[in-house]
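A quick write-up on the structure given underneath.
Read-outs throughout are calculated quantities, based only on the coordinates presented, and are distinct from any laboratory measurement. Not measured: the values here are computed from a predicted model. In this analysis, Cβ positions are derived from the backbone assuming ideal geometry, glycine residues included, and neighbour counts consider all displayed protein chains.
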Amino acid sequence: MKRRSNLQVVSRDFWRRPADTKQVAQSARQAADFLKALAHANRLMILCILSQGERSVSELEEMLSLRQSSVSQQLARLRADGLVATRRDGKAVYYSLASEQARVIVGAVYDMFCGGK
């Protein structure tokens, strides 16, 4: 059963409209939920790797030098939050970024913290 994400990226146009306190509060909660999903070093590393292209769980394990259970746990969280998508090929499961919004956010984080180093 596929679970819908409750995470949404706030529209750029939202901040140009007159303030509606309830809408601002809802958008702030959505932004906080989104940032919580990113607030883990292993999840960020997974997202950075996936920003370069699709990877299998075993490839991620090897690249991150983590156990399969740890990689799978973080992928499950990212999948539940709608940040990654899956594709099955036989027994292998491949992961990729789920949306252009996820790609933009991960790209911005990468540029800020990894791009210039």
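For the reader, a short list of remarks on this structure follows.
- The share of alpha-carbon pairs in region 12-117 lying farther apart than 15 Å comes to 66%.
- Qualifying trypsin sites (Lys or Arg not before Pro) in region 22-109, DSSP loop, other Cβ atoms within 10 Å at most 13: Arg67, Lys91
- Backbone N within region 22-46 under 20 Å of label point (7 Å from Met112 Cα along the Cβ vector): 27-46
- With R₀ set to 35 Å, the beta-carbon distance separating Ser70 from Ala25 gives a calculated FRET efficiency near 0.50.
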